[in-house]
Structures are given as C-alpha cells and as structure tokens.
Amino acid sequence: QVQLVESGGGLVQAGGSLRLSCAASGSFVSIGAMGWYRAVPGKQRDLVALITRGSSTDYGHFAEGRFTISRDNAKNTVYLYMNSLKPEDTAVYYCYAEGKSTYWGQGTQVTVSS
C-alpha cells in the first residue's frame, strides 16, 4: 500500500505563506496524479489543487492565483505553495494520490489568523 505523509501545516498570519509537502512511500509501482484537498469540520473535502505526472494542473477557484502546486517525481513528493493566506483558508489539508488505487493522507491543519 501507499502511505502519504504531509508536513508544513501550522499557524500563520493573514497575508502570510506556507508550504505544504506530501511524500508518498510504501509499496507501489508508480504514482499518477497527486494533489491537495481541504475540509472544515462537517463539510466535504474541496479540491485545492491537482497535478498530473506530466505536470498539468487544476486549481480550486479559491486557490487560483494564490496557490501553486508542484511535484518532484523522483522523490514522489507533491508541494503546495500557499501565498496571501486568508482566514477563510483555515482547514485541514489532505494529500491525495492516484496509483493502483486512490490514497489519502491523514491531513495537516492550516490555521490563518486575522
């Protein structure tokens, strides 16, 4: 199986920046698309950003222009660069990956103070 381990979450001031990282490990042949979703308590996970192995990207509307997703295929790692953070960005951010199946990280908390 594939394990996804996120890092980089924390508390930041509005207008600040964070970089999230997610590394895939375990037993797998290859990882396809990777990305990030986020959720607040009681709500479904919303797409933040997705990136294919060929580096095509897709962003949630709230992320466009502020967040940037990238990946390092050699390291099986995906990054999310979050800039101009707003209190509304406060959520648990979950790493996502596609392989033989679909995989989810356990989530990392991002809190943006006003």
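No lab work stands behind these numbers, since they all come straight from the coordinates. Everything numeric here is computed off the predicted structure, so don't read it as measured data. Note that each Cβ is placed from the backbone with ideal geometry, even for glycine, and that neighbours are counted across all protein chains shown.
The GluC sites (Glu not before Pro) of the stretch 1-104 that DSSP puts in a loop, and whose beta carbon has at most 14 other beta carbons within 10 Å, are Glu64.
Across the stretch 28-33, rounded Karplus estimates of 3J(HN,Hα) from the backbone phi angles (6.51 cos²θ - 1.76 cosθ + 1.60, θ = phi - 60°) give 7, 8, 7, 10, x, 5 Hz, Gly and Pro being marked x. With contacts taken as Cα pairs under 8 Å at a separation of at least 6 residues, the stretch 1-66 carries a relative contact order of 22 percent.
How many percent of DSSP beta bridges within the chain run antiparallel, rounded to 5?
Antiparallel: roughly 90 percent of the beta bridges in the chain.
For Cα extents along the principal axes in Å, the candidate list reads (1) 43, 26, 21; (2) 47, 29, 24; (3) 44, 30, 24; the entry that matches the value derived from this model is (1).
Computed on the chain, with alpha-carbon pairs under 8 angstrom and 6+ residues apart, the relative contact order is 37 percent. In straight-distance terms, cross-link reach from Lys43 covers every one of the lysines whose alpha-carbon lies under 25 Å from its own, apart from those fewer than eight places away in the same chain; here that gives Lys86. Setting aside same-chain residues fewer than 8 positions from Lys100, which lysines have a Cα under 25 Å from its Cα? By straight Cα distance, Lys100 reaches Lys75.
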